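The values are calculated or read from the model by the stated rules, or taken from the named source; none is laboratory data. Model, not experiment: these values are computed from the prediction. Note that we place each Cβ from the backbone using ideal geometry, even for glycine, and neighbour counts take in every protein chain shown. Calculation scope for accessible area: heavy atoms of the full protein, side chains included, ligands and nucleic acids excluded. Shrake-Rupley method; radii C 1.70, N 1.55, O 1.52, S 1.80 Å.
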Amino acid sequence: VGSSLLALCAILPVASAFAPAQTTRPGTSLFGGENHPINGGLPTFNPPSRDRAQDEHVDETPPNQSSYIVSGDRSSELSYDPAAFPSNLPLQQIQGGNSRLTYKMPQGADRAQIFINSHGRPLKARVELWLGPIRRVHFIDIACMNGAETPYRGCIKFKNTDSAGPQTLEISTSDDQAFPALVGVDIMTPDRSKERTAIFDAIWKSSTKLYSQGDKTVRSIPIADHVKSVQLLVWSKDVGKKSFKANVEFLQGPNCKRQYYEVQCGGGTQPYHAVFEVPGNGWTMRWTNTKTLHDGSHEFVVVPYELEDDAPAESDEMAPHYNGFAERSDEFGYANSLGPHGNRVWH
């Protein structure tokens, strides 16, 4: 009998006071059972409407489609104006090695157009607008692989010199002696400035505005292949009215930066308006906000300027300009070159 009891104890499991109690969870259709894929198989409330909504979201979402693409069916009306962002201004050559030209803004002026290119060499230049001796209100650093293929065309707005005082536009090259630049400046008259303001407002109101908050936020905007050039409009009047600072990159292919710009505008030098060439296909604009999170909010617009199929024909005639806002060519002592070096005009 004793041996039989020992054998029976060996077969039966031994219950421990420290072992957890064995419990089973009731499986119901409402909670989805124990093998539900959500929450590691634990009971989860999963009504049929949730799966149905998720399926509809997947079906209606286009795969790999960006939220905004620069495209259009016709060129901008501004591209047909020969005085808007002209590429055939009288040009002055600036040698490399940190050479610079300065232009004093005449009385009553509040807008100036700038054109900078090269003879096919890389373009490395800097544009600065100074209000007084130490206050810089506009800054842009330019670095392009080919200045003849992708020149810089910009229009800067600044406070009227009658109220803000004398202002000076300074354009300089990099430290490298091998990269000269060709520069043209057209200072707008008050009537032309009012016309440009109306055109800018019309484009701004009718276009999709992209918001950038700050602290290295990045926005990537693909550009359609039939777009020949794009125009960039930046304004912070609706999101803080502060200055903005950003890096603008135009890439052709994965991380191939063919154009790079570092732009900074104060509140009084906005809105900012520029045109960038994007010849060929496969272009993407990458916008990086480099101001702080709480102080760098602004909006920008990227729309086509010229399209391949309906771009206006290029003209060899000199673009209309106003010789530095002067009634006659030598009123400010700049002759036809809009600058202090009249003997170095490049036609």
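Does residue 134 satisfy the condition of being touching a residue at least 60 places away in the same chain (Cβ under 8 Å) and of a type in the set (Val, Ile, Thr)?
no
So which residues in region 122-134 are open to solvent by 20 Å² or more (accessible area, probe 1.4 Å) and assigned to a strand (DSSP E or B), if there are any at all?
First, pick out the residues of region 122-134 that are open to solvent by 20 Å² or more (accessible area, probe 1.4 Å): 122, 124, 126, 130-134.
The answer is 124, 126, 130, 131.
Among strands (runs of 3 or more DSSP E) lying entirely in region 211-268, which contain 3 or more residues that are more than 22 Å from residue 87 (Cα to Cα)?
Answer list for region 211-268: 218-222, 244-252, 257-265.
Could you check region 93-102 and list, in sequence order, the residues that are in contact with an Asp or Glu (Cβ under 8 Å, 6 or more places away or on another chain) and either part of a strand (DSSP E or B) or open to solvent by 10 Å² or more (accessible area, probe 1.4 Å) (or both)?
Those that are in contact with an Asp or Glu (Cβ under 8 Å, 6 or more places away or on another chain) and either part of a strand (DSSP E or B) or open to solvent by 10 Å² or more (accessible area, probe 1.4 Å) (or both): 97, 98, 100, 101, 102.
Pairs please, first residue from region 86-115 and on the phi > 0 side of the Ramachandran plot, second anywhere and assigned to a loop (DSSP other than H, G, I, E, B), Cβ atoms under 6 Å, 6+ apart in sequence or on different chains.
Between residues of region 86-115 that are on the phi > 0 side of the Ramachandran plot and residues that are assigned to a loop (DSSP other than H, G, I, E, B), the close pairs are 97/177; 98/175.
Tell me the residue from 140, 171, 116, 187 that is crowded, with 22+ Cβ neighbours inside 10 Å, under 25 Å from residue 234 (Cα atoms), β-branched (Val, Ile, Thr) and over 23 Å from the mean Cα position of the chain (by Cα), please. Write out each step before concluding.
Details: 140 fails: over 23 Å from the mean Cα position of the chain (by Cα); 171 fails: over 23 Å from the mean Cα position of the chain (by Cα); 116 fails: over 23 Å from the mean Cα position of the chain (by Cα).
Every option except 187 fails the conditions.
Here's the yes/no breakdown for (1) in a loop (DSSP other than H, G, I, E, B); (2) within 21 Å of residue 271 (Cα to Cα):
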position: 116; (1), (2): no, yes
position: 120; (1), (2): yes, no
position: 136; (1), (2): no, yes
position: 143; (1), (2): no, no
position: 147; (1), (2): yes, no
position: 150; (1), (2): yes, no
position: 153; (1), (2): no, yes
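Of everything in region 66-82, what is surrounded by fewer than 21 Cβ atoms within 10 Å (Cβ to Cβ) and in a helix (DSSP H, G or I)? Give them in sequence order.
Correct list: 77, 78, 80.
Could you say whether any residue in region 83-92 is at pLDDT 85 or above and not in a loop (DSSP other than H, G, I, E, B)?
There is at least one residue in region 83-92 that is at pLDDT 85 or above and not in a loop (DSSP other than H, G, I, E, B).
Which condition breaks for residue 201 when tested against (1) surrounded by fewer than 20 Cβ atoms within 10 Å (Cβ to Cβ); (2) closer than 26 Å to residue 278 by Cβ; (3) touching a strand residue (DSSP E or B) at 6+ places or on another chain (Cβ under 8 Å); (4) acidic (Asp, Glu)?
The one condition residue 201 does not meet is (3).
What are the residue pairs meeting all of these: first residue in region 273-302, first residue over 25 Å from residue 112 (Cβ atoms) and part of a strand (DSSP E or B), second residue open to solvent by less than 40 Å² (accessible area, probe 1.4 Å) and of a type in the set (D, E, K, R), Cβ atoms under 6 Å, and 6 or more apart or on different chains?
286/249
Just for region 157-168: of the residues that are in a loop (DSSP other than H, G, I, E, B) and touching a residue at least 40 places away in the same chain (Cβ under 8 Å), which one is least open to solvent (accessible area, probe 1.4 Å)?
Selected residue: 158.
Spot the failing condition for residue 251; the list is (1) at pLDDT 85 or above; (2) within 30 Å of residue 102 (Cβ to Cβ), and only one is missed.
Among (1) at pLDDT 85 or above; (2) within 30 Å of residue 102 (Cβ to Cβ), residue 251 violates only (2).
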